[in-house]
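A short write-up of the structure that comes next.
The values are calculated or read from the model by the stated rules, or taken from the named source; none is laboratory data. None of the values given here were measured: they were computed from a predicted structure. Note: ideal-geometry Cβ built from the backbone for every residue, glycine included; neighbour counts use all protein chains shown.
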């Protein structure tokens with residue numbers, strides 16, 4: 001079983017300095033990065049670490065995942081964001097689950113044993129949004145198999161052939177929830193495992209809640225009328 005690790009980056013030099021040295025490379029068939037247009041030295045840093053970097057073909061997170069699946073030569077692909085918020089040790093949790101036959105594996109911040117960066121706060125808009133969205137898509141599309149609670153986390157792994165069957169849109173920001181919905185529709189085997197997410201030690205998120213939420217609502221309307 002060959003597993004490809006894709007690092008998805010966009011001006012993440014600080015996170016890369018925290019995470020890259022901690023990745024246990026011996027577990028992976030290959031490691032490469034998809035860069036969304038960094039200007040802070042991220043690309044140079046990764047290349048000096050011996051990691052090949054591919055410029056992202058189109059804007060939007062969907063494009064990064066679609067491109068990663070095309071580039072990967074392994075049987076499975078794991079996507080990871082080196083931001084210093086989630087321990088790289090979580091990467092080793094994917095291997096046994098792939099061996100068990102799961103086609104989609106998600107590192108979850110929403111299940112028992114996990115921790116979300118908002119859990120220490122009284123108001124948790126992102127966490128609440130994810131929970132509402134998870135139940136909404138399950139009501140509409142889940143027929144069997146495991147319920148996915150963290151439908152908006154980018155750290156995930158998948159079977160390459162199963163990803164091709166999903167026919168993920170190559171534009172937009174819907175890829176996380178889209179992969180869950182498509183796994184429901186196609187009856188792919190799916191599972192979550194808990195991870196601990198810390199607050200960003202630097203900078204701000206690239207995905208603000210309101211602009212991202214509007215785009216996700218637009219995507220959901222599209223998926224409702226989608227027939228493939």
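Looking only at helices (runs of 4 or more DSSP H) that lie completely in the stretch 1-109, which have at least 3 residues being in contact with a helix residue (DSSP H, G or I) (Cβ under 8 Å, 6 or more places away or on another chain) and surrounded by 14 or more Cβ atoms within 10 Å (Cβ to Cβ)?
Values: elements: 13-19, 42-48, 61-71, 94-99.
Fully inside the stretch 1-109 and qualifying: 13-19, 42-48, 61-71.
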Exercise. Is there any pair with a first residue in the stretch 154-174 that is on the phi > 0 side of the Ramachandran plot and modelled with pLDDT of 95 or more and a second that is crowded, with 16+ Cβ neighbours inside 10 Å and not in a strand (DSSP E or B) whose Cβ atoms are under 8 Å apart and which are 6 or more apart or on different chains, and what are they?
Worked result: 167/182
For this session: Filter the stretch 113-134 for residues that are surrounded by 14 or more Cβ atoms within 10 Å (Cβ to Cβ) and part of a helix (DSSP H, G or I) and give the result.
Result: 126, 127, 129, 130, 131, 133, 134
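Looking at 220, 216, 188, which is the one that is at pLDDT 75 or above, in a loop (DSSP other than H, G, I, E, B) and surrounded by 12 or more Cβ atoms within 10 Å (Cβ to Cβ)?
None of the others qualify; the one that does is 188.
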